[in-house]
1. Take the Cα atoms of chain B, build their convex hull, and give its volume per residue in Å³.
2. With a Förster radius of 60 Å, plug the Cβ-Cβ distance of B:N478 and A:Q56 into 1/(1 + (r/R0)^6) and report the FRET value to the nearest 0.05.
3. Give me the mean projected area, in nm² to one decimal, of the convex hull enclosing the Cα positions of region A:2-118.
4. Normalised by the residues of chain B, what does the relative contact order come to in percent, with Cα pairs under 8 Å and at least six apart?
5. So for region B:211-273, what are the equivalent ellipsoid semi-axes in whole Å, largest first, each being the square root of 5 times an eigenvalue of the Cα gyration tensor?
6. What list of ³J(HN,Hα) couplings, whole Hz, do you get for region A:320-328 from phi and the Karplus terms 6.51, -1.76, 1.60, once you set θ to phi - 60° and write x for glycine and proline?
7. Label points 7 Å out from Cα along the Cβ direction at A:R18 and B:S192: separation in nm?
8. So what are region B:107-165's ellipsoid semi-axes, whole angstrom, largest first, if each one is the square root of 5 times an eigenvalue of the alpha-carbon gyration tensor?
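Every number here is computed from the coordinates shown, using simple stated rules; none is lab data. Remember, predicted model here, so these are calculated numbers, not experimental data. Cβ placement follows ideal geometry from the backbone for every residue including glycine, while neighbour counts extend to all protein chains displayed.
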Protein chains: 2
Amino acid sequence: MKKLFLAVLMLGPAVGLRAEDGHQLWLRPHVSVPVTVVLPARTSALLATARQELQQGWQGPAGATITLSLKKDKAIKYDGFRLSAQGVQASTERGLLYGVFELLRRQQIGQAPEAGLSNPSYEHRLLNHWDNPDGSVERGYAGKSIFWRKDSALVVTRRDQTLWQQYARANASVGINGSVLNNVNASPVILSAGYLGRVKAIADALRPYGVKTYLSVKFSSPVLLGGLKTADPLDPAVVKWWQGKVKEIYQQVPDFGGFLVKASSEGQPGPQDYGRTHADGANMLADAVRPYGGLVMWRAFVYSPSDKDRAKQAYNEFVPLDGKFRDNVIIQVKNGPVDFQPREPFSPLFGALKKTAVMPEFQITQEYLGHAIDLAYLAPMWEECLQSDTYQAGPGSTVARCTNGSVYRQAHSAMAGVSNVGLDRNWTGHDFAQANWYAFGRLAWNSSAKSAQIAEEWLKLTFQNAADATPAAEAEWNAKFLTPVAQLMLASREAIVDYSMPLGLHHIMSATYHHYGPGPWWAPSGMRADWTPPYYHQAAANGVGFDRTRTGSDAVSQYHEPLASQLNDPATCPDEYLLWFHHLPWTFRMKSGRTLWDELALHYDHGVQQVRQFQRTWDRAQPYVDAERFAAVQNKLRTQSGNAVMWKDACLLYFQQFSRLPIPAAVEPPMHTLEALIKYDTPAPRPARQP
Amino acid sequence: MKKLFLAVLMLGPAVGLRAEDGHQLWLRPHVSVPVTVVLPARTSALLATARQELQQGWQGPAGATITLSLKKDKAIKYDGFRLSAQGVQASTERGLLYGVFELLRRQQIGQAPEAGLSNPSYEHRLLNHWDNPDGSVERGYAGKSIFWRKDSALVVTRRDQTLWQQYARANASVGINGSVLNNVNASPVILSAGYLGRVKAIADALRPYGVKTYLSVKFSSPVLLGGLKTADPLDPAVVKWWQGKVKEIYQQVPDFGGFLVKASSEGQPGPQDYGRTHADGANMLADAVRPYGGLVMWRAFVYSPSDKDRAKQAYNEFVPLDGKFRDNVIIQVKNGPVDFQPREPFSPLFGALKKTAVMPEFQITQEYLGHAIDLAYLAPMWEECLQSDTYQAGPGSTVARCTNGSVYRQAHSAMAGVSNVGLDRNWTGHDFAQANWYAFGRLAWNSSAKSAQIAEEWLKLTFQNAADATPAAEAEWNAKFLTPVAQLMLASREAIVDYSMPLGLHHIMSATYHHYGPGPWWAPSGMRADWTPPYYHQAAANGVGFDRTRTGSDAVSQYHEPLASQLNDPATCPDEYLLWFHHLPWTFRMKSGRTLWDELALHYDHGVQQVRQFQRTWDRAQPYVDAERFAAVQNKLRTQSGNAVMWKDACLLYFQQFSRLPIPAAVEPPMHTLEALIKYDTPAPRPARQP
């Protein structure tokens, strides 16, 4: 089949290396081959979508007949499917559509379709959009919101609908089945009648691709929007207000998915304002949506300015509430205990709750990993988290298994990713940032998927051309493009860790530049300490790092044994997490035999040299990439290269003030002065909001 | 004697590595040894200076008697001197002072005093200060003027006098015997009675060190200051006005040296405004100062915006006037035909005039070589020029010999250096820029001196401490500090050439940043072409470089054979001057076998890597340098390192638009985008004045 596919491609028009703007994502059009599609007897928009995809994308045998059949099958979970030579079998329409996309993907990347079962790891696979009603996107680096806009916000245009449909199709192609349309720092206006009209329009555009619509809500909406005197979740008027609002929503969007809530967190109102618990708040909302099958995703991103260790707080607040949440509530937990840093250990909450559903929240948008400038393939970071062993129920209790229902029963399972999508023509700003959207979907579907395999899939779909499809050309393309560029992707996140926050350092980025670039010095007077880098790196003459051992903040004890003891001892704590858990002298002897100071400096330098290698790799890939995307990525890599040097120089020169040790000769000497770097990072206190 | 000197130093207080602010220059105080000084029978301020220097600086045998004797001696030229074990003999008081400084220098650097004759290569060894009456310094990077200040400009303070005296002493210590106190872009106000009063005060402070005072004058002063209707040099009223003004000056400053004139150049008024020649103008002034023994230095830095090759114009204007100048006029010619670029071939005027005195003008201040940020030891550049063979009277007619009277008789000989001195505590902004002041004096005294030897002298005087003076410590100091840092200095100018304008490129610097950093793109519409980089680099799809061959502008023909033919042929033209004289295809095969494009890229990269090596060298030198100067130089090297990368990236990315060739893999990939670099270099047209 593969040969035929290639032959057919060769007969098609030479798409060659014409400039591409990236708008097609991994779904670039190909000349299709005739196919006969047999559908179930009933009609639906989703089934029509499945047929259309098959007909416009089929690269298999010409004239083949493919049957999509709906059948109950105990082996098929959620929206899973079964592929066979004859077609796709599933127990839901969504399952059929996912099967179709899987079939087409395999044809496109030249893999024989694997007969057999494919079940999603998580029931709900959601994008969270931090989009505001005014069209801005918090932590968005790819233009304005695709859902909201400042002018004539509520008029739905044909262009809106097309874009939403393209967006939904991309999601469906990787198994994403839900979208939260607005920022977790939610405006109450989203629940007004006018906005709900636009929500309905969006939901209507997403529905044919099986993507459910969700909203973030502000906990004080009954006061702000409803005119009530309180938002106390136990107040009957408040309960009634929410019931009415939910009813209104479901009238517009009958398959509405539910609410995402950031409450009693970073200044957002919540149940604690009324002396109630997170459970009181979440349950009230859960009861309101339950009659309609709705869910409440309640975020655990909470921390108070007075606590001595921010990393411990979500655990401390939520563990006592285990078992007190309704079964249509899921606690949504960021992958690490602080905030989407380039590397964090997994959040101990993943291994802590036993009677409460917990879901991981990953950040697809690169808030701390270079915005849409630096090239960061994030699947290895998510894979690292998902495969981390919590030891909740003995060895093998990975984060994935603790959240997908394998370790203990939970009524619902889900994974969320904070989206990087915006109005930019290529959706994500950086062409390679598309890979993170893609990879999030693939990992949410299969939490055991390998980053390397996902990268290769995505590269083939996104960059391979018909001209590369003869056996000889394909071998060349694999050797000269696929292999080196996949290696680049796989090394990219670690390079960022190295040049920004190696060895467990975290939260030392610039506040001025909205978390892009270095800011280890940033600590305006009066600023709450846990928003400033010195709180996290604790650099001083006696060493560096945050002491979270048993004699320090004791955050290690939030982990199960044997992990807690392993992390507690600098001799056994992995280098990657060393300064996360330990405050160590600059001359501490590392496993490598080097001092901590030298090791730190070499990591920073290695990050810089890695980016330069990425540049060389990409330059060599030029013959295999269209000019437009080649130049765009090349330019971004150049800027990243400068950013990497700035990170290295800033952190080494800043820390050197405390270490008083020379920068090792093997390290590239700084090309900035500390004074110039600090001056560049303006000292005006302007804390960015952190959702 | 050396051993004694060392022993004495060891008995002195441990000066060790205490912080130094650089104000002492190469004249750092040492504990002196008693000495008896015998002076000539007469008394004078200069003789008193000589005695004082001997007494406070003597490091020779304790209780020695040193005799300073004035005696006519045909072998002694100008202010030369003869050293012997008994003392110094000279035919002028200045000669005695220079002999004293030579003696003390040798003692300090641990050399036995060489008995014998030392004559200066040039009669007049002058600093040109581009200082304005408002206290600003054109192309000054070390603070405001030491001579003029905005507030209470004419009040002479004790602090002024002390500073002027320290300045004069530094000059005398390296044989500089004249200072032009104000900018060649001269304000007429300098000749007003008020300002002449301050000139007198300065002259009085400089005189005891044998430094004569000169002024730059504006050619239109008779109009602007005198109220005449014309400044026509042949107008009797104008002649009379100048005669009167000169008389007034000499009443204040009886040993006044004369005038420096920039006329009919870059918008400055001059004789051509009245249809007269440079000779008419210069001679009129020369006649006015002749009765007092004064000189006129007339600058040949002329070029018109309409000519096709700026590099040819000084030659074209002045050669026809050869023989028409009075013998107290010297034509002052910049080392290269364009303008103090990091590398230029020597000006063909040096080999062209036979009946007119010609003097070289070097730029000590680093207008095009990194201001007071980049480390550039300029002696190698000046040595390169002085030792260039003009072939004016056959082989061996070096620029030095054509200007010091060796090749043909000229009544006066001189060398000028545009000063880098300002009010900064260390005088020159960059601690290593002091070396250029020092080296200028040493080369003006001995145009055959070697850059390497001057560098070592200066390093010893400026950085060696008593603690380094045991034999073992000195050997260590030599190996760990002197040798590597001298190598750094000697390589520094070539590194700047490499990272900014290699292979004969020139004048492609930023206008926005006053000639610091790259600006190959700078060409605002309406700007005169010969002020814009594209005029000079001529980059296009067909190649790069300025065609000055016989089939181009024919500038090569301003040089004598065999040089003209050597330069005319790209196969024999030295790489250093290749793009100065040739426009060549990007794929031109260089002597190295590489293409021009690759060679260019490797030169840029080499410059960057060199600066990083300088940083490492300096870092290793830390134990041998006081903390204050170590940190200052380290920080400047860091900034230079960034500047080098910016140059490399800017030029390679800019030229690549034309070459369309890949940057070789061996070259460090850019860390800037061309767009960002151009944006940084603001497009607002703001041409800097070019004296």
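1. Working: hull volume 107.5 nm³, N = 691.
In chain B, the Cα convex hull volume per residue is 156 Å³.
2. 0.15
3. 7.7
4. With pairs under 8 Å counted, the relative contact order is 13 percent.
5. On the way: eigenvalues 88, 47, 14 Å².
With the √(5λ) rule applied to region B:211-273, the semi-axes are 21, 15, 8 Å.
6. x, 8, 4, x, 9, 9, 4, 7, 9
7. Label-label distance for A:R18 and B:S192, simple model: 7.4 nm.
8. For region B:107-165, the semi-axes come out at 35, 16, 12 Å.
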